[in-house]
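Have a look at the structure below, then the notes.
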């Protein structure tokens with residue numbers, strides 16, 4: 001499971017990748033990767049190793065289509081390590097993606113577009129001491145404008161394929177949660193709290209009832 005630092009770095013990468021459309025970071029269920037990725041190291045407290053692999057670099061709209069990919073991605077890496085505070089960022093180097101993405105302690109994120117396509121991937125490994133305190137306001141302010149996906153889930157169920165194919169309007173599907181139970185609040189796929197679904201100005205909303213202890217570190 002990802003830590004606060006890893007999730008924040010992935011969100012910063014997603015927010016800065018120069019595609020002509022928004023992408024959302026999601027924890028990957030497939031850590032393997034073929035080809036090469038651009039890798040940097042950050043020396044600080046904590047330190048980090050970060051890699052980015054772009055499925056089709058020609059889709060990057062940064063005005064430098066003929067420049068070296070490592071140079072094109074360097075501003076994205078700079079934005080990503082801002083959450084870690086003061087330190088030194090190395091130049092980007094190409095490395096086999098399989099080595100980087102499957103290394104112990106590495107969290108892999110898929111960068112997904114609106115159609116669900118994985119257009120890039122990021123690998124983040126945090127090294128060295130981690131502060132047990134919440135990141136300070138200065139660090140958070142550097143990524144304050146990065147958007148993250150917040151999802152409210154009222155329940156779920158599992159169904160055989162034959163039952164899914166037989167769904168039709170009016171069919172009632174039971175969920176694994178009793179009526180009146182709190183809904184799950186998930187940030188980029190991670191459970192961070194519980195709340196009650198309410199109506200605010202004609203729209204559905206969530207009243208936060210509880211934030212899980214240590215949610216920023218799970």
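The values are calculated or read from the model by the stated rules, or taken from the named source; none is laboratory data. These numbers were taken from a predicted model, which means no experiment stands behind them. We place every Cβ from the backbone using ideal geometry, glycine too, and count neighbours over all the protein chains shown.
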>> Step by step: first the residues of the range 17-34, then only those that are in contact with a helix residue (DSSP H, G or I) (Cβ under 8 Å, 6 or more places away or on another chain) and either outside the structural domain of residue 81 (by TED's automatic domain parsing) or modelled with pLDDT under 90 (or both), then the one that is nearest to residue 126 (Cα to Cα). Which residue is that?
In response: 31
>> When you check residue 33 against the structure, is it touching a residue at least 60 places away in the same chain (Cβ under 8 Å) and part of a loop (DSSP other than H, G, I, E, B), yes or no?
In response: yes
> With 127, 110 as the choices, which residue is modelled with pLDDT of 85 or more, assigned by TED's automatic domain parsing to the domain that holds residue 25, within 15 Å of the chain's Cα centre (by Cα) and surrounded by 10 or more Cβ atoms within 10 Å (Cβ to Cβ)?
Replying inline: 110
>> Tell me whether the range 52-64 contains one or more residues that are in contact with a helix residue (DSSP H, G or I) (Cβ under 9 Å, 6 or more places away or on another chain), assigned to a strand (DSSP E or B) and more than 15 Å from residue 20 (Cα to Cα).
In response: yes
> Do any residues in the range 57-68 that are surrounded by 12 or more Cβ atoms within 10 Å (Cβ to Cβ) have Cβ atoms under 9 Å from those of residues that are modelled with pLDDT under 90, where the two are at least six apart or on different chains, and which pairs are they?
Replying inline: 57/65
> Can you tell me which residues in the range 46-56 are surrounded by fewer than 21 Cβ atoms within 10 Å (Cβ to Cβ) and within 16 Å of residue 8 (Cα to Cα)?
Replying inline: 46, 47, 49
> Can you find a residue in the range 158-177 that is in a strand (DSSP E or B) and either modelled with pLDDT under 90 or more than 30 Å from residue 57 (Cα to Cα) (or both)?
Replying inline: no
>> So if I check each of 95, 79, which one is within 20 Å of the chain's Cα centre (by Cα) and in the same structural domain as residue 42 (by TED's automatic domain parsing)?
In response: 79
>> One residue is enough: does the range 21-28 have a residue meeting the conditions touching a residue at least 40 places away in the same chain (Cβ under 8 Å), more than 13 Å from the chain's Cα centre (by Cα) and either more than 21 Å from residue 78 (Cβ to Cβ) or part of a strand (DSSP E or B) (or both)?
In response: yes
